[in-house]
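Contents: one structure, followed by commentary.
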Amino acid sequence: MALSLRIKYVIGAVLFLVAGTASLIREDPVLVVLPFVAILLPTIYEVCVYKTKWLFYGLIALLPLSTEINFTPSLGIDFPDEILMMLLTALFLIKVVYSPTLLPRSFINHPLILILLLHLIWVVITTIFSSDPLLSAKYLLAKTWFIVPFVILPYYFINSKTRLKLVSILLLTPMGFVVIQSLVRHAFFQFSFESVKEIYWPFFRNHVNFSAMLVCLLAALFTAYKLTPPHRYKNILLLGLVIGLTSVILAYSRGAWAALIIGIAASWLLRKRLIGWSISAAVICLISVGTWFVADNKYLDFSPDYNTTVFHKDINDHLQATVQFKDVSNAERFYRWIAGLNMIVDKPLTGFG
């Protein structure tokens, strides 16, 4: 055993010397990394093939800590979580090809999974008829490596209360770090509305992305608080809820505020078994309002004045502009929705891709 370990050290030292020499000769520092990659390859292989769950847990823990990297104006990824998502998707598809019965019929036949599969099939169809097939294909690929890690793999890796607790801890702990450091950074700007454009980088592109994820995780944190028996950990969870709510408020994202309120209402509707009726009513209202706006170009009556439709530096002015339809971001969304409805009229079946 000692001889085997000694041989490994010798091989590693020789590889490092060779790579270091080659790096100096070719003036390429990347070559120095190759020996470490070679030494780690067996471990990487074992983790990918036999301990895939650790890749999944690593992905969960890295979600709040990843950053967006753009290679070109139209091509970018979230690093490193999206790399892990691609790897997990590829490994899963290989395993399905090798063992087609890996997915049980009970899982595939679940109504939500069937709806998701139909949606994915329809995305394939719209990609074929797309006005920009390359862009649509990129969207299809990205959607695939989101669905596999976050819809299918949890069926295998979060199948007990113990693992659910583990995943919650892996997700909430790094997000707690991001929340606290952003609050500290925000404090140096007196928690101003204008500074939210800067304080969430590099973990989030902007305050909207940050608050959207935080609102979702507040639901998980509240569930953990409710299920935890009276203990000192319960007080820690309560403190986390207070800090999380404070961070959502100070993120100044109107969408997150609305999502929080709607989420609380949806929770009540679920308990009262009224969610189906509520969704139906909401869809009818949206279709009716959208139709009313498009008919006879009614939306032009609400066109904002370009002289006053600007980005505001004060939250009070921002909210007032929102109510008066003079906010630049609201105006942009408003006309995108109208454009979307008109596009449906032009290509009602396959759309534009």
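The trypsin sites (Lys or Arg not before Pro) of the range 246-276 that meet both conditions, a loop assignment by DSSP and at most 10 other Cβ atoms within 10 Å of the site Cβ, are LYS272, ARG273. Distance between the pseudo-spin-label points of TYR155 and VAL37 (7 Å out from Cα toward the beta carbon): 3.5 nm. Per-residue Karplus couplings for the range 200-210, computed as 6.51 cos²θ - 1.76 cosθ + 1.60 with θ equal to phi - 60°, are listed in order as 9, 6, x, 6, 9, 5, 7, 5, 5, 4, 4 Hz, Gly and Pro entered as x. Of the chymotrypsin sites (Phe, Trp or Tyr not before Pro) found in the range 169-238, those that fall in a DSSP loop while having at most 16 other beta-carbon atoms within 10 Å are PHE188, PHE189, PHE191.
Each label point was placed 7 Å from the Cα along the Cα-to-Cβ direction; for TRP54 and PHE129 their separation is 4.8 nm.
Hey, can you find the accessible area per residue of the chain for me, probe 1.4 Å, expressed in square angstrom?
Working: 23780 Å² over 353 residues.
Counting only protein heavy atoms, the per-residue value for the chain is 67 Å².
The angle separating the long axis of helix 34-50 from the principal Cα axis of greatest extent in the chain is about 70 degrees. Within the P(r) computed for the range 163-295, what percentage of the Cα pairs occupies the region above 24 Å? Value for the range 163-295: 43 percent of Cα pairs lie more than 24 Å apart.
Placing R0 at 35 angstrom, the Cβ-Cβ distance between ALA13 and LEU116 gives a FRET efficiency of 0.10 after rounding to 0.05.
Charge dipole of the chain (Cα centre as origin; +1 on each Lys and Arg Cβ, -1 on each Asp and Glu Cβ, all else neutral): 1620 debye, rounded to the nearest 20. Along the Cα-to-Cβ line of VAL47, 7 Å from the Cα, sits a label point; which residues in the range 74-111 have backbone N less than 17 Å from it? So the set is 79-92.
Under a 5 Å amide H cut-off, with hydrogens placed 1.01 Å from N, PHE79 pairs with THR67, GLU68, ILE69 among residues at least 5 apart or on other chains.
Helix 2-26 and the long axis of the chain differ in direction by around 70°, with both axes built from C-alpha atoms. Only one item in [x] 140; [y] 155; [z] 245 matches volume of the Cα convex hull per residue in Å³ derived from the coordinates shown, and that item is [z].
Karplus-derived 3J(HN,Hα) values for the range 228-238, using 6.51 cos²θ - 1.76 cosθ + 1.60 with θ = phi - 60°, are 7, x, x, 6, 5, 5, 5, 5, 5, 5, 5 Hz; glycine and proline are entered as x. As a quick test, which of the pairs LYS165/LYS272; LYS143/LYS165; LYS51/LYS138; LYS165/LYS226; LYS51/LYS161 have an alpha carbon distance above 22 angstrom in this structure? Listed pairs above 22 Å: LYS165/LYS272; LYS143/LYS165; LYS51/LYS138. Legend: calculated FRET efficiency, ALA339 to VAL289, from the Cβ-Cβ distance at R0 = 22 Å, rounded to 0.05, equals 0.90. Projecting the Cα atoms of VAL32, ALA61, VAL14 onto the charge dipole of the range 11-121 (Cβ charges, centred on the Cα centre) puts ALA61 farthest toward the positive pole. The C-alpha atoms of the chain define a longest principal axis, and helix 254-271 lies at about 90 degrees to it. Backbone amide hydrogens, once placed in the peptide plane, bring PHE193 within less than 5 Å of ILE315, excluding anything fewer than 5 places away on its chain.
The values are calculated or read from the model by the stated rules, or taken from the named source; none is laboratory data. What you see is a predicted model; the values in this text were computed from it and never measured. Cβ coordinates were reconstructed from backbone atoms using ideal geometry, including for glycine residues, and neighbour counts include every protein chain displayed. Side chains are part of the model used for accessible areas, which takes the heavy atoms of the whole protein and leaves out ligands, DNA and RNA. Shrake-Rupley method; radii C 1.70, N 1.55, O 1.52, S 1.80 Å.
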